[in-house]
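Colleague: Here's a structure for you.
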Amino acid sequence: MISRDSASATLEARPDEGPVPFLDLKTQYAGIRAEILQALEEVADGATYVLGPRVAGFEEAFAAFVGARHCVGVNSGTSALHLALICAGVGPGDEVITVPMTFVATSWAVSYVGATPVFVDVDLATLTMDVRQVERRITNRTRAILPVHLYGQSADMGPLLEIGRRHGIPVVEDAAQAHGARCQERAAGTMGLCGCFSFYPGKNLGACGEAGAVVTNDADVAARLRTLRDHAQGRRYHHGELGFNYRMEAFQGAVLGIKLKYLEGWTEARRRLAERYQAGLADLPLLLPTEATDRRHVWHLFVALHPQRDRIRQALEERGVQTGLHYPIPVHLQGAYEHLGHQTGDFPVSERIARECFSLPIFPEMTNRQQDRVIETLTEILLEVEYA
Ligand SMILES: Cc1ncc(COP(=O)(O)O)c(C=O)c1O
């Protein structure tokens, strides 16, 4: 437990430092500015603004990075999920098993294809799909299982793939937060039929705008994804099925191609910061995130739980530490899904996370000094909360 002495030693002002931001994209950009600007200039000069060689080059590099045969670049992670579910054969009236503790886009994709999200709770240890609950939710309308590799840690994919195989149901991975994560040495996104990534700017690999991708080992699925993202035109102006304009922009392909070279180093920096948080916060009355022994966590977010979350967040904000909330309302309690008839209490672990979670700053450029300030400030606040 924390002692009053150790906490009071942390009260010294550090006038040389401003607030600790939750995320600092400007510092990351400053380090690679010249490279990015040169690539953007080349795209502008080449005047191929949509798809083209920069997108194709990135697709090839990202497929190699995760160890998948194919990568198809699209305009967002949400579009990636939508197309992946179409390729998995999910349509109107079908059911998709997924989790309510995620960003809502996971469920949007299910709804876009006219199917219904059927939720199972997450487990408190990994905060990902509780694999013990999946099989009992399978019906004759289940067409896909859609786990989310939340916060940067892969779901427990072994049992999920085995359930999928046994029932003939494809597994589609929401890997939007898990670039470079692994489960038993296999990369997140490459284990199911398709893996869906987001390159929204704040993600571990982020574009300078919107972008996403689907990776797959299935050549037919890859070919269909390429067609679907481009108005379903296999041949120009021939549209064999309903298509979409989900093409990736060349500027984003160029940015992503450059940033991908740095991703492993950035991930290692995140892992080191996560370890420092684990050590520095170990004695506090917080539920801290953990890395499962068979997985490689890439720490997109570092999410802790405490029953007095709101009070702690406010105090952190007042003392110059920004935090995030991922996510304050689980999907089954969102207004958009009211028609599913869920109530508070249906998914107690997800609801507890929603009530108690707060995300501490973690980004590759974060200095030890910034992180020490977070640890010291949080220690100080928890001491006050405990003795209040
Ligand atoms: C788990 C999860 N799924 C899906 C998405 C959707 O990705 P995008 O914002 O690129 O559409 C996100 C990101 O916001 C996400 O975190």
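Colleague: Report, by residue number, each residue of segment 144-173 that is part of a helix (DSSP H, G or I) and within 15 Å of the ligand (Cβ to nearest atom). Before the answer, list the steps.
Modeller: Let us first name the residues in segment 144-173 that are part of a helix (DSSP H, G or I), namely 150-152, 157-167.
Selection gives Leu150, Tyr151, Gly152.
Colleague: Leu287 versus (1) aliphatic (A, V, I, L, M); (2) touching a Leu at 6+ places or on another chain (Cβ under 6 Å); (3) closer than 18 Å to Ala181 by Cα: which is the lone unmet condition?
Modeller: Every condition holds for Leu287 apart from (3).
Colleague: Kindly indicate the residue of segment 128-137 that is in contact with a helix residue (DSSP H, G or I) (Cβ under 6 Å, 6 or more places away or on another chain) and more than 12 Å from the ligand (Cβ to nearest atom) and also least open to solvent (accessible area, probe 1.4 Å) among those meeting that condition.
Modeller: Top of the filtered list is Val134.
Colleague: Just give me the residues in segment 79-94 being surrounded by fewer than 23 Cβ atoms within 10 Å (Cβ to Cβ) and either touching an Asp or Glu at 6+ places or on another chain (Cβ under 7 Å) or over 18 Å from Arg141 (Cα atoms) (or both), in sequence order.
Modeller: none
Colleague: Return the only residue of Phe119, Phe103 being touching a Phe, Trp or Tyr at 6+ places or on another chain (Cβ under 8 Å), open to solvent by 40 Å² or more (accessible area, probe 1.4 Å) and either within 16 Å of the ligand (Cβ to nearest atom) or assigned by TED's automatic domain parsing to the domain that holds Met157 (or both).
Modeller: Exactly one of Phe119, Phe103 is touching a Phe, Trp or Tyr at 6+ places or on another chain (Cβ under 8 Å), open to solvent by 40 Å² or more (accessible area, probe 1.4 Å) and either within 16 Å of the ligand (Cβ to nearest atom) or assigned by TED's automatic domain parsing to the domain that holds Met157 (or both), namely Phe103.
Colleague: Does segment 176-207 hold any residues that are part of a strand (DSSP E or B), near the ligand (Cβ under 9 Å from one of its atoms) and small (Gly, Ala, Ser), and which are they?
Modeller: Result: Ser198, single match.
Colleague: Step by step: first the residues of segment 208-229, then only those that are within 12 Å of Val72 (Cα to Cα) and in contact with a Phe, Trp or Tyr (Cβ under 8 Å, 6 or more places away or on another chain), then the one that is farthest from the ligand (Cβ to nearest atom). Which residue is that?
Modeller: Leu228
Let's see how each residue does on (1) basic (Lys, Arg); (2) over 21 Å from Glu365 (Cβ atoms); (3) surrounded by fewer than 14 Cβ atoms within 10 Å (Cβ to Cβ):
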residue	(1), (2), (3)
Leu225	no, yes, no
Leu228	no, yes, no
Ala232	no, yes, no
Arg235	yes, yes, yes
Glu249	no, yes, no
Gln278	no, no, no
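Colleague: Quick check on my filter: what residues within segment 45-66 are part of a helix (DSSP H, G or I), surrounded by 13 or more Cβ atoms within 10 Å (Cβ to Cβ) and of a type outside the set (D, E, K, R)?
Modeller: Gly46, Pro53, Val55, Ala56, Gly57, Phe58, Ala61, Phe62, Ala63, Phe65, Val66
Colleague: Tell me, which residue of segment 230-250 that is within 16 Å of the ligand (Cβ to nearest atom) and not in a strand (DSSP E or B) is nearest to Gly73 (Cα to Cα)?
Modeller: Filtering segment 230-250 for residues that are within 16 Å of the ligand (Cβ to nearest atom) and not in a strand (DSSP E or B), the one nearest to Gly73 (Cα to Cα) comes out as Met248.
Colleague: Let me ask another. Select from segment 289-307 the residues that are within 22 Å of Ala388 (Cβ to Cβ) and either buried (at least 17 other Cβ atoms within 10 Å of the Cβ) or touching a strand residue (DSSP E or B) at 6+ places or on another chain (Cβ under 8 Å) (or both) and list them in ascending order. It would help to see each step written out before you state the result.
Modeller: Just the residues of segment 289-307 that are within 22 Å of Ala388 (Cβ to Cβ), to begin with: 304-307.
Across segment 289-307, the qualifying residues are Ala304, Leu305, His306.
Colleague: Exactly one condition in (1) within 22 Å of Val349 (Cβ to Cβ); (2) out of contact with any Ser or Thr (no Cβ under 7 Å at 6 or more places or on another chain) is not met by Ile97; state its number.
Modeller: Against the list (1) within 22 Å of Val349 (Cβ to Cβ); (2) out of contact with any Ser or Thr (no Cβ under 7 Å at 6 or more places or on another chain), Ile97 comes up short only on (2).
Colleague: Let me ask another. Can you tell which of Gly152, Gly206 is open to solvent by less than 10 Å² (accessible area, probe 1.4 Å), closer than 25 Å to Leu288 by Cα and not aliphatic (A, V, I, L, M)?
Modeller: Gly152
Colleague: Ok, one more. For segment 67-77, how many residues meet the condition of being open to solvent by 40 Å² or more (accessible area, probe 1.4 Å) and within 15 Å of the ligand (Cβ to nearest atom)?
Modeller: Residues meeting the conditions: 1.
Colleague: Let me ask something else about it. Any residue in segment 251-271 that is out of contact with any Lys or Arg (no Cβ under 8 Å at 6 or more places or on another chain), without any contact (Cβ under 8 Å) to a residue 12 or more places away in the chain, in a helix (DSSP H, G or I) and not charged (D, E, K, R)?
Modeller: no
Colleague: Within segment 90-100, work out how many residues are away from the ligand (no atom under 14 Å from the Cβ) and either assigned to a helix (DSSP H, G or I) or in contact (Cβ under 8 Å) with a residue 24 or more places away in the chain (or both).
Modeller: Matching residues across segment 90-100 total 6.
The values are calculated or read from the model by the stated rules, or taken from the named source; none is laboratory data. Remember, it's a predicted structure, so these values are computed and weren't measured experimentally. Quick reminder, even Gly has a Cβ in these numbers, built from the backbone with ideal geometry, and neighbours come from all protein chains shown. When the accessible area is computed, the model is the full protein with side chains, heavy atoms only, and any ligands, DNA or RNA have been set aside. Shrake-Rupley method; radii C 1.70, N 1.55, O 1.52, S 1.80 Å.
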